[in-house]
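The values are calculated or read from the model by the stated rules, or taken from the named source; none is laboratory data. Since the structure is predicted, the reported quantities are computational estimates derived from the model, not experimental observations. Quick reminder, even Gly has a Cβ in these numbers, built from the backbone with ideal geometry, and neighbours come from all protein chains shown. Only protein heavy atoms, including side chains, enter the accessible area calculation; ligands, DNA and RNA are left aside. Shrake-Rupley method; radii C 1.70, N 1.55, O 1.52, S 1.80 Å.
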Amino acid sequence: MLVALTGVGLSAAAGLNASIPFLVVALLARFTDLVVLPAGLTWMESGWAIGVGAVLLLTDVVLDKVPVVDTVNDAVQTVIRPASGAVVFAATSAAQDLEGSAWVRDNPWVPVVAGVLVALVVHATKATVRPVVNATTGGLGAPVVSTVEDGAAIGLSLVAVLLPVLVLVALAAGVALVVVLLRRRRARRRGGAAQDEPVAGS
């Protein structure tokens with residue numbers, strides 16, 4: 001169970017920001033014993049991989065805070081974020097433990113597909129909600145929401161590695177937040193529609 005939660009948590013973080021969980025896993029693997037990378041993915045902890053990840057992180061952080069540009073960035077990230085989800089799921093020490101089970105050893109594609117699907121769902125939700133935030137706040141909400149998403153990606157990545165049992169709590173909180181935002185949007189639409197209705201006898 002903890003194995004799956006670690007993978008899900010990292011993949012979900014990748015759906016918010018592809019570079020953050022990648023860098024968390026890479027840096028922990030390079031400087032600590034908390035993450036032990038599988039033989040085929042040890043390149044992640046190399047200096048060049050961490051450097052490229054840092055540049056991509058800076059680019060994403062800047063672009064994601066500009067209204068309209070953030071929507072274009074989300075479109076570009078439709079491939080990158082799920083790919084990152086697949087990599088970080090497969091790269092953690094928990095994923096390496098998964099490989100010890102006969103079923104996963106016979107189906108090595110399982111962690112990769114799981115990472116892609118989880119990251120894709122989170123990314124799709126983010127890409128759907130962001131235009132709503134921009135429209136309802138006149139674009140002023142973009143940098144605020146983006147900063148919250150970056151913080152959530154960092155927190156979720158660390159929780160997934162250090163306290164994977166809390167991943168369920170974090171994901172439940174994220175789902176609740178999205179539901180609240182969508183309900184508020186519907187309420188505002190209904191309120192606006194009611195105001196636009198002609199008054200009888202006018």
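Here are a few things to note about the model shown:
- Candidate set from the stretch 1-15 (those that are part of a helix (DSSP H, G or I) and open to solvent by 30 Å² or more (accessible area, probe 1.4 Å)); member that is farthest from residue 48 (Cα to Cα): 2
- Condition check for residue 10: within 12 Å of residue 91 (Cβ to Cβ), at pLDDT 90 or above and not polar (S, T, N, Q): yes
- The number of residues in the stretch 64-81 being over 16 Å from the mean Cα position of the chain (by Cα) and part of a helix (DSSP H, G or I) comes to 2.
- Residues satisfying the stated conditions in the stretch 174-198, i.e. surrounded by 12 or more Cβ atoms within 10 Å (Cβ to Cβ) and either closer than 14 Å to residue 12 by Cβ or at pLDDT 80 or above (or both): 174, 177, 178
- Residues being more than 17 Å from residue 81 (Cβ to Cβ), in a helix (DSSP H, G or I) and not hydrophobic (A, V, I, L, M, F, W, C) - total across the stretch 139-148: 3
- Just one residue in the set 93, 19 is at pLDDT below 95 and either open to solvent by 50 Å² or more (accessible area, probe 1.4 Å) or on the phi < 0 side of the Ramachandran plot (or both); that residue is 93.
- Flag if residue 55 is open to solvent by 60 Å² or more (accessible area, probe 1.4 Å) and not in a loop (DSSP other than H, G, I, E, B): yes
- Some residue of the stretch 149-163 being surrounded by fewer than 15 Cβ atoms within 10 Å (Cβ to Cβ), at pLDDT below 90 and under 20 Å from residue 84 (Cα atoms): yes
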